[in-house]
1. What are the distances, in nm and sorted shortest first, from the label point of residue B:17 to the label points of the same position in each other copy, with each label point placed 7 Å from Cα along the Cα-to-Cβ direction?
2. For residue B:114, what is the net charge nearby, where nearby means another residue's Cβ is under 12 Å from its Cβ and Lys, Arg count +1, Asp, Glu -1?
3. Starting at 0 and stepping by 5 Å, how many percent of the alpha carbon pairs of region B:127-177 end up in each bin?
4. With springs only between Cα atoms under 10 Å apart, run a GNM on chain B and tell me which of B:96, B:13, B:83 wobbles the most.
5. Between region B:169-237 and region B:120-162, what's the alpha-carbon centroid distance in Å?
6. Put +1 on the Cβ of every Lys and Arg and -1 on every Asp and Glu Cβ in chain B; which of B:185, B:84, B:235 then has its Cα farthest towards the positive end of the dipole?
7. State the percentage of accessible surface on the protein assembly as shown attributable to carbon and sulfur atoms; use a 1.4 Å probe and exclude ligands, DNA and RNA.
8. Just the number, please: buried accessible area between A and B, total of both chains, 1.4 angstrom probe, nearest 100 square angstrom.
There are 2 protein chains.
Amino acid sequence: MDVCFTPDEVVPSELQGRIAVVVDVLRATSTIVEALANGARSVYPVASIEAAVRLAQNMGRDQVLLCGERRGLPIDGFDLGNSPREFTPERVAGKSLVMTTTNGTPALLATTAAQSTLVASFLNLSAVVAALAEAGKPVTVVCAGREKRVSLDDAVCAGAVALGGERSPDLSRGLPDTAQAAALLAGARLDDLTGLFAETAAGRQLIDAGLGEDLEFCAQIDRHGIVPRFHDGQITI
Amino acid sequence: MDVCFTPDEVVPSELQGRIAVVVDVLRATSTIVEALANGARSVYPVASIEAAVRLAQNMGRDQVLLCGERRGLPIDGFDLGNSPREFTPERVAGKSLVMTTTNGTPALLATTAAQSTLVASFLNLSAVVAALAEAGKPVTVVCAGREKRVSLDDAVCAGAVALGGERSPDLSRGLPDTAQAAALLAGARLDDLTGLFAETAAGRQLIDAGLGEDLEFCAQIDRHGIVPRFHDGQITI
């Protein structure tokens, strides 16, 4: 079990034979989990707005929903932003989504060397933990972070994954420093996630943008039992 | 107050007008503090073995002590390694030291854009905290880390600096995610530093190399009251 607090820490050759778990709690991976749980067929994460528009045109613009954010806000001409509350069954069931976000997408794209990549958030924490236990492979959690720095919401979620759903950071002894640090953060702050999020830079930005309800939404532990997988450029369950 | 968990996170332009505090608990900054407290005149941190030898030759080989490590072990032809226990008054009083270490030196050299750079370890924690309070400037703690990843010993020391000598991580609310994370780690693990060090990759490497006593040594809080400063290529008090 290893933890990368930002995509910059990922060394692709070290992901070989491992399961990567991508975490961007506020909000990309929470939104992906919500969208797929609500019936979206697949999510295509792409690096840029231009690439998103191009892919949507190639797939047939009316066949897909363009979604994502820049600076936390919806993108002009896109169908949806990056608030999980937008991704209702009415909006997304049966649809393919093309998504570009500031931090989450680069984290996903950094894991292509891994044997497989799972998408995790608090919304599907226990399902991911169970899938990892069943797979029995070495794991690297890759946090999206924020502007190439640690983001506390992601770090606490990574720690929760590292602890396998338990609460005692003592279980992390013997792991790499990165995983021990994440587990200590989870042990300290798992109890009040909405309060934690409100103290993070990502959470404060959302509150300032009038999207404070997203914090409470993304703090729901085990709202869904699905484990999205990223493979061949798309995320499906 | 900001914390960089590795030198890679440092953005030089963002250090302007700030005080940088460099932390490499196991062991470079602990060793520098011990050496200067024991009467060394100054420490010159340099990036490579070759640069260290060249600088020593330019300064007059018999005027300086060459010291440092690679993979935690002393360097062939050098006078001292990187164990603080070697830097006794008998060995270092009145001497200039030229030092090259794997992680600590790059961290020091990453801070040249800062208004000033202080050298911190648990050995001089309270003195650094007092100097920062007196200066009243914004602070960036730069951890040496380990192989471009977070090192728990450094992160806990950074958190102790961020908390200003207090113990409650609640004091970090409102700080950037990085400083909050460091403060949470300090809050969780300040109480048994030797035990903590023994669980880190850096500590385990020292124990394996027969240098386990360095852990206990570097865990001494406030052994010295000095605040070394790095300026013009050298560290002095």
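The values are calculated or read from the model by the stated rules, or taken from the named source; none is laboratory data. All figures in this text were calculated on a predicted structure; none of them were measured in a lab. Quick reminder, even Gly has a Cβ in these numbers, built from the backbone with ideal geometry, and neighbours come from all protein chains shown. Calculation scope for accessible area: heavy atoms of the full protein, side chains included, ligands and nucleic acids excluded. Shrake-Rupley method; radii C 1.70, N 1.55, O 1.52, S 1.80 Å.
1. So the label point of residue B:17 gives 5.1 nm to the other copies.
2. Spelling it out: positives minus negatives among the neighbours equals +1.
3. 4, 18, 26, 27, 16, 7, 1
4. Looking only at B:96, B:13, B:83, the biggest GNM fluctuation is shown by B:13.
5. What the calculation gives is 8 Å, centre to centre.
6. With unit charges placed on the Cβ atoms, the residue in question is B:235.
7. Looking at the protein assembly as shown in its full context, I get 48 percent from C and S.
8. 2200
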